[in-house]
Amino acid sequence: MGMNWQAILPLLLFLIIIFAVGIWAGRYVKATNSFLHEYFLGGRSLGGFVLAMTMVTTYGSASSFLSGPGTAYNQGLGWVLLSMSQLATGYFVLMILGKKFAIVTRKYKAVTIVDFLKERYQSKWVVILSAASILLFLFSAMSAQWIGGGRLIESLTGFSYISSLFIFSISVLVYVVIGGFRAVALTDTLQGIVMLFGTLILLVAVIIAGGGIPSIIADLAAENPNLITPFGANGDLTPSYVSSFWVLVGVGVVALPQIAVRAMSYKNSKSMHKGIIISTIVVGFIMLNMHLIGVFARPVMPGVEVGDTVMPLVAQQVLPNWLAGIILAAPMAAIMTTVNSLLLLVSSTIVKDIYLNYIEPEAGESRVRGLSMWITGILGVVVIVMSLNPPDLIIWLNLFSMGGLESAFIWPIVMGLYWSKGNKHGAIASMLTGVSSYVLFEYFYPQPFGMHSVVTSITLAFVAYVGFSLASQKSIAAIAGK
Amino acid sequence: MNKHDINQDDYRFKIANREALIGVGLVLFNFVWWYGFAYGLGSRDISEYSYIFGLPAWFFYSCVLGFIVMVVLISIVMKLFFTDMLLEDEEN
């Protein structure tokens, strides 16, 4: 593509604004007298709008932003149908964890999900298992996204992959290291606005370029009638398979630590109520728009072979260059908003859940302050090095990241919150069963019962949680009764 | 009182439990609406499809109208059934 200044300028402007936000948020970090709460949780001060935006953007990652429209391009309206299962994330997470989670985590003074699990179950093994799952799965998810960020800058600017990777890394690292959670949430908000308007403008432009919706749908039906059915281009998207995504990318999202931690970050119940309404609107709007862009792009620009390039290519075809440059900041924003949250979460797991629990529990305020920033920075550097030449293990783990975390955490979090008989035996059994059954299913027997394997492993994890909690209670009661 | 007991007698937990159940109800309703229109109307032969704003009717009702209905429903639920409360403990 060569140097493309009309794409580079909006990107630059975007990065400068983000730097400014990071530095501004850094003032809160400097001024606070409760460093951990401020740095990893923004001082529990998020209002409804920022809460909604940081929830939606953390979740709507690069994979959904680039490969989502690409898959919709190939599969037709059936894939838009599947993607709308994500509407549930807009309200379900905040409602299910809800005020009980907000109240309990305040009582516990919890800053991370592991803090919550530690206080709830009072077990060292629960802490070790959950910290280990977070480090393994989220670190690999972050590395994969990081590579995506480098590739995207490479394709937009024409710089080499290595320089693109450095531009991307420095832009993310500076504001996360200095500004912490508050900087992440605020930049998420700005980037969410870019995604919202970016997808809307692009959708309208694609509809105009295709001669209106009726003509686009007629073209699709003429090419392959399956494209306008719910069943996918080859008719192989079965109702049970598509419905199982309500678990993987819908309700199961409640168990992703990077999402659940946001459900303890809001200021008060008013911001929660407002956040639920706004995040439902924003997630529905972005998902519907961007997947429709993928489908509608097909008659406008037939013959795209690499799915991930549909969105950048169609933007450059149907929009004036400078506007395409601004719009293409949207997938960039999607990647940044995801990696920034993952980076901070992995860092909080190391600092708060491992270091302060087991290595130096009496660390003073200034020591924790320095340590947190250093670890966040060092983690960033490790990710950069890995992205230069990604090890196979990272790529392999990333494939299991979402389903693995959901299978591990959904019952220890949700049942821990609402079922008083749940105990550490149940939680440990549930985590082990969930993760191992998920990895085994994905590897040896994908799609049991015609559904995504996450459904089966979450079901098994539930049985393990309830079974082991009740069984251990009985044996404890039997011992006590003697 | 033991701070680790999540079911201690706190009037706020009753409200919070009810609100979580409302969330489960909403997601079930959302799923049924989405599934019913998509596969109810979409399983017909393509020659029998009808169209709304140029989109196949199954898609319009399931994904576009379904989205709008959920937003309206959630706004109403927030106004009528979700309670404002203090999230911090009194002594803090």
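Quick notes on this one:
- First in the range A:451-468 and over 11 Å from A:Tyr438 (Cα atoms), second anywhere and part of a helix (DSSP H, G or I) and not small (Gly, Ala, Ser), Cβ under 7 Å, 6 or more apart: A:Met451/A:Tyr241; A:Phe462/A:Trp411; A:Ala464/A:Thr433; A:Tyr465/A:Trp411; A:Tyr465/A:Met415; A:Phe468/A:His425
- Single residue of the range A:276-297 satisfying the filter (crowded, with 24+ Cβ neighbours inside 10 Å and farther than 17 Å from A:Met195 by Cβ) that is farthest from the other protein chains (Cβ to nearest Cβ): A:Ala297
- Filtering the range A:55-76 for residues that are surrounded by fewer than 23 Cβ atoms within 10 Å (Cβ to Cβ), touching a Ser or Thr at 6+ places or on another chain (Cβ under 9 Å) and at the interface with chain B (Cβ under 10 Å from one of its Cβ atoms) leaves an empty set.
- The one condition in (1) surrounded by fewer than 21 Cβ atoms within 10 Å (Cβ to Cβ); (2) under 20 Å from A:Ile384 (Cα atoms) that A:Trp146 fails to fulfil: (1)
- Cβ-Cβ under 8 Å pairs, at least 6 apart or on other chains, the range A:385-398 side outside any helix (DSSP H, G or I), far side polar (S, T, N, Q): A:Pro390/A:Ser143
- From the list A:Ala221, A:Ala263, the one residue that fits, being assigned to a helix (DSSP H, G or I), in contact (Cβ under 8 Å) with a residue 40 or more places away in the chain and within 14 Å of chain B (Cβ to nearest Cβ), is A:Ala263.
- Filter result for B:Gly23 (within 20 Å of A:Ser83 (Cβ to Cβ), surrounded by 14 or more Cβ atoms within 10 Å (Cβ to Cβ) and either under 24 Å from the mean Cα position of the chain (by Cα) or small (Gly, Ala, Ser) (or both)): no
- Condition check for A:Thr229: crowded, with 19+ Cβ neighbours inside 10 Å and of a type in the set (S, T, N, Q): yes
- Residue match in the range A:371-381 (condition: outside any helix (DSSP H, G or I) and either among the aliphatic types (A, V, I, L, M) or more than 22 Å from A:Gly22 (Cα to Cα) (or both)): no
- Boolean, A:Ser341 is at pLDDT 95 or above, polar (S, T, N, Q) and either touching a strand residue (DSSP E or B) at 6+ places or on another chain (Cβ under 8 Å) or closer than 30 Å to A:Glu119 by Cα (or both): no
- Residue in the range B:48-55 that is modelled with pLDDT under 95, of a type outside the set (Ser, Thr, Tyr) and part of a loop (DSSP other than H, G, I, E, B) present: no
- Criterion (without any contact (Cβ under 8 Å) to a residue 40 or more places away in the chain and more than 20 Å from A:Ile350 (Cα to Cα)) met by exactly one of A:Ala478, A:Ala427: A:Ala478
- Odd one out for A:Gly26 among (1) at pLDDT below 90; (2) within 17 Å of A:Thr199 (Cβ to Cβ): (2)
- Filter result for the condition that a residue is away from every other protein chain (no Cβ under 14 Å), in contact (Cβ under 8 Å) with a residue 60 or more places away in the chain and in contact with a Pro (Cβ under 8 Å, 6 or more places away or on another chain), over A:Leu165, A:Leu190, A:Leu202, A:Leu152: A:Leu152
- Boolean, B:Met85 is part of a loop (DSSP other than H, G, I, E, B), within 9 Å of chain A (Cβ to nearest Cβ), touching a helix residue (DSSP H, G or I) at 6+ places or on another chain (Cβ under 9 Å) and of a type in the set (A, V, I, L, M, F, W, C): yes
- Residue that is surrounded by the fewest Cβ atoms within 10 Å (Cβ to Cβ) [pool: residues in the range A:101-129 that are within 13 Å of chain B (Cβ to nearest Cβ) and of a type in the set (Ser, Thr, Tyr)]: A:Ser123
- Checking B:Ala16 against (1) out of contact with any strand residue (DSSP E or B) (no Cβ under 7 Å at 6 or more places or on another chain); (2) of a type outside the set (Ser, Thr, Tyr); (3) more than 30 Å from A:Glu119 (Cα to Cα), the condition it does not meet: (3)
- Filter pass, B:Ser75 being at the interface with chain A (Cβ under 7 Å from one of its Cβ atoms), of a type in the set (S, T, N, Q) and assigned to a helix (DSSP H, G or I): yes
- Selection count, the range B:18-50, where residues are facing chain A (nearest Cβ under 7 Å) and either without any contact (Cβ under 8 Å) to a residue 12 or more places away in the chain or of a type outside the set (A, V, I, L, M) (or both): 11
The values are calculated or read from the model by the stated rules, or taken from the named source; none is laboratory data. Only a predicted model underlies this, so the values are computations on that prediction, with no experimental measurement involved. For neighbour counting, all protein chains shown are included, and Cβ atoms are generated from backbone atoms with ideal geometry for every residue, glycine included.
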